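Each remark here refers to the structure printed beneath this line.
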Ligand code: GLP
């Protein structure tokens, strides 16, 4: 996998990358370009830039199909803390993606297992995900696959770790008791099935997870390390998220910046 370190705006870089991928996609296949989508603070800028590209006439979403990674259990789509609400606010209201082509797990489904099984079938029915975008939890989680999740896990109901609920409490008026204890999440296996993966991490809070990815082995204790098993996976980080990398890698990154290579590339 590639670790990209940039001094540029993460969201702008990612949005332009996505735009290029969509433009390069062969439309004659009659199949849509399928995106896996994340939520969280890190990717808000990326969504703002995607909306901007659309408004500038550079990006058409009419032949795109999306699958979100996860949703809190028990929250309605109208609940402002739900990922349904987040997606409407940050992306869907600003682009021309037909509602029938948007998919988000229903955290209020009567049968959560059946909801997850149907989600996997829906992904398979469109031919799989071309580009899975994501963020990284402080503990290295991807989507809501907490440490210990199997790399072959599929979409399923999950229990959230206390530290994840605390990290996400900022989206619930700072009140951790309001953060649901459970969620529905695509599995690590679901993410790894994508043809390409692009994850983003910003800020010092993610520095340990990034360092662990760069230095440690592949282990379910750090779900982000699953990306190392994929043939076409990239993690794009800012300098703060790269700050716990060892001296030798910092020097390598610095040299690339001095050579005007930004993002700097580290192959893991
Ligand atoms: C939540 C999401 C993850 C996301 C993580 C990081 O836990 N389920 O998919 O990667 O938040 O969020 P943030 O970007 O706000 O740090």
*asked:* Once the convex hull of the alpha carbons of the range 159-202 is built, what does its volume come to per residue, in cubic angstrom?
replied: 93
*Counting alpha carbon pairs within less than 8 Å and at least 6 residues apart, what relative contact order, in whole percent, applies to the chain?*
26
*Taking all pairs of distinct alpha-carbon atoms in the range 33-104, Kirkwood radius in angstrom*: 12.5
_Histogram of C-alpha separations across the chain, 10 Å bin width, %_ = 7, 31, 37, 21, 4, 0
*How do 157-163, 200-206, 254-260 rank on mean C-beta neighbours within 10 Å, highest first?*
200-206, 157-163, 254-260
*How much FRET efficiency would the formula 1/(1 + (r/R0)^6) give for residue 240 and residue 113, where r is the Cβ-Cβ distance and R0 is 25 Å, rounded to 0.05?*
0.05
*Consider all pairwise Cα distances in the range 75-155 and report the whole-number % of them above 21 Å.*
40
*May I ask you to compute the full-extension gain from residue 165 to residue 196, defined as 0.36 nm times their residue separation minus their alpha-carbon distance, rounded to one decimal in nm?*
8.3 nm
*Share of antiparallel DSSP beta bridges in the chain, in percent to the nearest 5?*
35
*Could you state the principal axis extents of the C-alpha atoms in the range 181-262, from the largest down, to the nearest angstrom?*
43, 29, 21
*How much length is gained if the chain between residue 172 and residue 100 is pulled fully straight, taking 0.36 nm per residue apart and subtracting their Cα-Cα distance, in nm to one decimal?*
23.1 nm
*How much FRET efficiency would the formula 1/(1 + (r/R0)^6) give for residue 55 and residue 23, where r is the Cβ-Cβ distance and R0 is 22 Å, rounded to 0.05?*
0.85
*For the range 2-54, diffusion coefficient by Stokes-Einstein and Kirkwood Rh (Cα), 4 °C, 1.567 mPa s, µm²/s*: 104
*Mind checking the full-extension length gain between residue 215 and residue 79? Use 0.36 nm per residue of separation minus the Cα-Cα distance, one decimal, nm.*
45.0 nm
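Computed from the coordinates by the stated procedures, all read-outs in this text should not be read as laboratory data. Predicted model, so just to flag it, every value in this text is computed and none were measured. Reconstructed Cβ throughout: ideal geometry from the backbone, glycine too, with neighbour counts over all protein chains shown.
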